[in-house]
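Asker: Below is the structure I would like to discuss, written out as structure tokens.
The values are calculated or read from the model by the stated rules, or taken from the named source; none is laboratory data. Quick caveat: nothing in here was measured; it's all calculated off a predicted structure. All Cβ positions, even for glycine, are placed from backbone atoms using ideal geometry, and neighbour counts span all protein chains on display.
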Amino acid sequence: MEHFIYRYKKDKILLQTVFIYPNTYFIGMSSLGFQFAYHKINENPEILCERAFLDSRRENNFVTIESNRNITEFPILFFSISYEPDLLNMIYILKTSGIELLKEKRKKHIIIVGGIAVPLLKNYLKFIADVIVCSPAEYAFKKIIPVLLECKDKDIILDKLQNIHGIYVSEKIKNDELKYYQPEGSCEIAHSAIISEDTEFSSRALIEISKGCLFRCRFCLVSNMYGRYIAHPKSEILKIAEKYKGKTNRIGLIAATLSNHPNFKEIIKELNKMNFILSFSAFRIEGLDNELLELILKNENKTLVIAPETGSERLKRLINKNISESTIINITERAFRLGLKRLKLYFMVGFPGEDVSDLDAIIKLVRKLREISLEHSKNLHYIPEFIIDINPLVPKPFTEFQGYPFEEIKILKEKIIYLKKNLRKLGRTFVYGESPKSAFLQYRLSHGLIDFEEVLRLVEETREN
């Protein structure tokens, strides 16, 4: 079931568009970027925008959620790509629908593509997309929509868009990298336009409280690509929350590092006064004092999410994430004392120079945390759950690690098996993570190591299997 936050008034529809997320409804509607972009298009009373997903298929047709119409009926197709492998899904959707894949042969439709993974996929999208967006949704659509409404001729539309910062017409792209463009000044706050039960954040409204990241972890795409950090004003965040009254009593706060917002405590307190129960994305653990821990844990699920990435002090220095083991232990111990029920930890494997001693450092850290949790479980009358997420390092363009190789899949598998075997012995510890094979595909696509013809073959092989 879906609950729409906005009523989009459509007096006279001059243009009909479809916004396609090339993955499942569950994943697409869990994406705040996709939801906010959909909202920004539909704000215009002269444009109708419907949604389609990888699983909104009827026989050989992909159809929209809103009206069950075939996506081929819409002259403008927007795509949002958050993960490199979704490129394969995008190609599959177009080919299955009978829409011409190559932009120079396509006459009937205009394809506009945006999303965080887009700058990494330039070598493939330049053959498919007419327009590639590398800028915030509110800025991009303010520039694109007037042109789409004014002009009907495809060549004229592309000509008018080609000189706008952060918007690239594919046929004009040179060999240099696509660069993300963040306009000067403040930016709008991304937030849920639709509340859906069938998402990662079931029946929650999401609000982004800051954009970018203050820290420069050397492997991280967000901090290296998005540029400056922007903390959204508390008053504007609370104003958006007002829209959700009567629709849901649950809000998820989203940011790369929530606790670095200068008014984070006040935001939590004010939202709780408005009778919202909060959930949180992730924290830099060194920013969690006693008061903030209490505020977090009195909200939904008593869950704390942190990303040490490694247990090795040497590797922490390498990746520029210098959070000491004693800091992690001290803060999580305080959290257990306050009633923490679930601890989620993110780690990575495959760092340059990593060996078994670095893996043992992860096991040692988690074991210490488990021992502390067991000490407090006597008073709490339950054993806290540990969720460990282990993912292979994908050295990405735009990061300081872009020149490093991807570790051999066989070695990565051995490392992950070693960690799983030892961590699962700790009791109520659940270990998950992305497969090395999938991560390697990300690496190859983001670095343009697969030629376009091979990508097309991969699409066919993936669907056959």
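Asker: Out of the stretch 407-465, which residues are outside any helix (DSSP H, G or I), over 20 Å from Ile362 (Cβ atoms) and of a type outside the set (A, V, I, L, M, F, W, C)?
Answerer: His447, Gly448, Asp451, Asn465
Asker: Further question: Are any residues in the stretch 85-109 without any contact (Cβ under 8 Å) to a residue 60 or more places away in the chain and crowded, with 19+ Cβ neighbours inside 10 Å, and if so, which ones?
Answerer: Leu94, Ser97, His109
Asker: Report, by residue number, each residue of the stretch 25-37 that is surrounded by fewer than 23 Cβ atoms within 10 Å (Cβ to Cβ) and over 16 Å from Met1 (Cα atoms).
Answerer: Scanning the stretch 25-37 gives Ser31, Leu32, Gly33, Phe36.
Asker: Can you name the number of the only condition in (1) modelled with pLDDT under 95; (2) out of contact with any Ser or Thr (no Cβ under 7 Å at 6 or more places or on another chain); (3) farther than 18 Å from Ile329 by Cβ that Asn391 fails?
Answerer: Status for Asn391: all satisfied but (1).
Asker: Suppose we keep only residues that are over 16 Å from Thr257 (Cβ atoms), of a type in the set (Asp, Glu) and touching a residue at least 12 places away in the same chain (Cβ under 8 Å) within the stretch 168-219. Which one would you say is surrounded by the most Cβ atoms within 10 Å (Cβ to Cβ)?
Answerer: Glu188
Asker: Next question, about the same structure. Do you know which residues across the stretch 299-329 are more than 25 Å from the chain's Cα centre (by Cα) and among the hydroxyl-bearing types (Ser, Thr, Tyr)?
Answerer: If the condition is that a residue be more than 25 Å from the chain's Cα centre (by Cα) and among the hydroxyl-bearing types (Ser, Thr, Tyr), then Ser312, Ser324, Ser326, Thr327 are the ones that fit.
Asker: Output the residues belonging to the stretch 372-395 that are assigned to a loop (DSSP other than H, G, I, E, B) and of a type in the set (Val, Ile, Thr).
Answerer: Ile383, Val394
Asker: Since Asp11 meets every condition but one in (1) surrounded by fewer than 15 Cβ atoms within 10 Å (Cβ to Cβ); (2) over 22 Å from Lys152 (Cβ atoms), which condition does it not meet?
Answerer: (2)
Asker: Next question. Can you tell me which residue within the stretch 180-212, out of those that are assigned to a strand (DSSP E or B), aliphatic (A, V, I, L, M) and touching a Leu at 6+ places or on another chain (Cβ under 8 Å), is nearest to Lys265 (Cα to Cα)?
Answerer: For the stretch 180-212, the residue satisfying everything is Ile207.
Asker: Shifting gears a bit: Which of (1) touching a Phe, Trp or Tyr at 6+ places or on another chain (Cβ under 7 Å); (2) within 15 Å of Ile388 (Cβ to Cβ); (3) not hydrophobic (A, V, I, L, M, F, W, C) is the odd one out, the single condition Gly311 does not satisfy?
Answerer: So Gly311 meets the others, but not (1).
Asker: Then there's this: Which condition does Glu43 not pass, out of (1) touching a strand residue (DSSP E or B) at 6+ places or on another chain (Cβ under 8 Å); (2) closer than 25 Å to Cys151 by Cα, if it passes all the others?
Answerer: Here Glu43 meets the rest and fails (1).
Asker: What pairs come out if I take residues in the stretch 331-353 that are in a helix (DSSP H, G or I) and pair them with residues that are surrounded by fewer than 17 Cβ atoms within 10 Å (Cβ to Cβ) whose C-beta lies under 7 Å away, six or more apart or interchain?
Answerer: Listed pairs, sorted by first residue: Arg334/Asn290.
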